[in-house]
Amino acid sequence: MARTVNKDALNDKITKLEKAISKNRQQYEKMTAEMKRLLDMRKSIQSDELFKAYASSKRSFEDIMRYIQSDPDKDGSDGR
């Protein structure tokens with residue numbers, strides 16, 4: 001027993017879903033743009049903090065680069 005569906009009702013449902021999808025896509029794009037903006041802001045703050053720490057450090061540039069590029073798993077330290 002196949003259920004018959006009114007053609008106009010089906011088209012109305014399709015139209016409503018298309019509108020909802022479009023609205024959700026716009027919301028998604030707006031939220032992802034905001035997320036990118038916030039992540040960029042956080043990265044900028046972290047960069048400033050890192051530069052200030054470097055500027056006030058007694059360590060050489062080479063020491064800092066060696067530390068950053070080292071693999072904590074290989075040297076047995078926990079990264080601290």
* Candidate set from segment 55-77 (those that are of a type in the set (D, E, K, R) and either assigned to a helix (DSSP H, G or I) or surrounded by fewer than 11 Cβ atoms within 10 Å (Cβ to Cβ) (or both)); member that is modelled with the lowest pLDDT -> 75
* Asked: So which of 21, 14, 45, 64 is without any contact (Cβ under 8 Å) to a residue 12 or more places away in the chain and in contact with a Phe, Trp or Tyr (Cβ under 7 Å, 6 or more places away or on another chain)?
  -> 64
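The values are calculated or read from the model by the stated rules, or taken from the named source; none is laboratory data. Since we're looking at a predicted model, the values are computed, not measured. With ideal geometry, Cβ positions are generated from the backbone for all residues, glycine too; neighbour counts draw on all protein chains shown.
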